[in-house]
Amino acid sequence: MSWLQALVLGLVQGLTEFLPISSSAHLRITSTLFFGNDAGASFTAVIQLGTEVAVLIYFAKDIGRFISAWFRGLFSAEARKEKDYKLAWYVIIGSVPISVLGYLLKDEIRTSARNLWITATMLVVFGLLLGLADHLAKHQRDELRMKDAIGMGLAQALALIPGVSRSGGTLTAGLFLGLNREAAARYSFLLAIPAVFGAGLFSIPDVLERSGGGEQASIPQMIVATLISFVVGYATIAWLLKYVSKHSYSAFVWYRLMLGLVLMGLLSMGLLQPI
């Protein structure tokens with residue numbers, strides 16, 4: 001992997017991880033279109049650690065409260081009535097589907113699931129679903145319930161397929177379940193932490209041992225790409241939370257549709273190879 005590719009992919013990861021447009025799809029497309037290769041699922045998983053550190057820092061106070069409440073609730077019935085205790089369990093429960101499926105389907109995720117025809121189709125299909133959810137949802141609730149944790153957790157598991165978008169899937173589910181845009185976005189950020197950290201740490205040995213698929217990056221390239229994704233990702237979180245408090249997701253829906261259709265066109269004309 002060239003230094004330019006590592007720098008560009010770190011930037012792309014930071015810009016797209018929290019937007020409902022699929023960071024894995026953008027990394028896959030950028031690598032293939034501009035650098036002639038696939039950076040690989042392992043490299044993608046590792047540089048996602050940068051954006052998740054951004055979540056940890058941005059929501060540090062909230063996360064500290066959740067952890068404290070969770071430990072208190074293990075020993076106190078009174079503490080188990082607290083909202084923070086329940087939310088901590090919602091994050092844990094919502095992380096189970098993607099953790100289990102990610103482990104069971106790890107080989108398919110790194111190979112056949114990265115077909116660009118699949119990516120293009122998922123961009124369009126889940127873009128339409130996000131638009132439908134944003135248009136029809138009531139956007140009334142800001143307090144999470146168990147059904148939200150399960151529904152958004154299942155939706156997050158679909159993001160193992162490039163093009164679905166982890167944030168896009170969870171936001172779509174949250175909106176259909178009746179959450180308002182900001183509440184769905186905040187829970188989407190928190191829900192990502194266990195899954196993405198787990199995937200990133202699990203993939204580090206593959207990158208270091210050069211056993212993962214895709215173009216191989218050096219350790220310095222990985223570190224720099226991860227740092228870039230952290231800085232840009234932190235800024236993206238702040239921007240998105242402000243944006244969704246005043247705007248719909250229609251801009252992201254149209255972007256997904258156009259990107260998916262353009263990608264299909266490039267594949268049809270043979271200008272891009274699906275694998």
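Beyond 26 Å, the tail of the calculated P(r) for the chain holds 39 percent of the Cα pairs.
Net charge in the neighbourhood of Ser165 (other residues with Cβ under 12 Å of its Cβ; Lys, Arg +1, Asp, Glu -1) is +1. For the pair Met146 and Trp239, a Förster radius of 30 Å applied to the C-beta separation gives a FRET efficiency near 0.45, rounded to the nearest 0.05.
In plain terms, the chain is cut at each of the trypsin sites (Lys or Arg not before Pro) found in a DSSP loop with at most 14 other Cβ atoms within 10 Å, and the longest leftover piece is 1-137. Extending 7 Å from the Cα toward the beta-carbon at both Ile219 and Glu108 defines two label points whose distance is 3.5 nm.
When the chymotrypsin sites (Phe, Trp or Tyr not before Pro) in segment 58-137 are filtered for DSSP coil states and for at most 15 other beta-carbon atoms within 10 Å of their beta-carbon, the remaining sites are Phe75. Whole angstrom only: what separates the Cα centroid of segment 211-267 from the Cα centroid of segment 109-172? About 15 Å separates the Cα centre of segment 211-267 from the one of segment 109-172. Computed over segment 56-162, the alpha-carbon pair-distance distribution with 5 angstrom bins reads 2, 11, 14, 16, 18, 15, 12, 8, 4, 1, 0, each value a whole percent. In plain terms, the chain from Phe202 to Leu4 could stretch by 68.7 nm, reckoned as 0.36 nm per residue minus the Cα-Cα distance. For segment 74-136, dividing the convex hull volume of the Cα atoms by the residue count gives 114 Å³ per residue. The mean of 1/r over all distinct Cα pairs in segment 134-263, once inverted, gives the Kirkwood hydrodynamic radius of 16.5 Å.
As a length-normalised measure over Cα pairs under 8 Å and 6 or more apart, the relative contact order of the chain settles at 36 percent.
Aspartates and glutamates within cross-link reach of Lys246: Cα-Cα under 14 Å, excluding same-chain residues under 8 positions apart? Cα-Cα hits under 14 Å: Asp134, Glu182. Across the chain, the longest piece that holds none of the GluC sites (Glu not before Pro) lying in DSSP loops with up to 16 other C-beta atoms within 10 Å covers 1-77. Taking other residues whose beta carbon is less than 11 angstrom from the beta carbon of Leu190, and scoring Lys, Arg as +1 and Asp, Glu as -1, yields -1. The lysines whose alpha-carbon is closer than 29 Å to the alpha-carbon of Lys242, local same-chain residues fewer than 8 away aside, are Lys61, Lys83, Lys86, Lys138, Lys147.
All of the numbers you see were taken from the coordinates with simple rules; none came from a lab. Everything numeric here is computed off the predicted structure, so don't read it as measured data. Note that each Cβ is placed from the backbone with ideal geometry, even for glycine, and that neighbours are counted across all protein chains shown.
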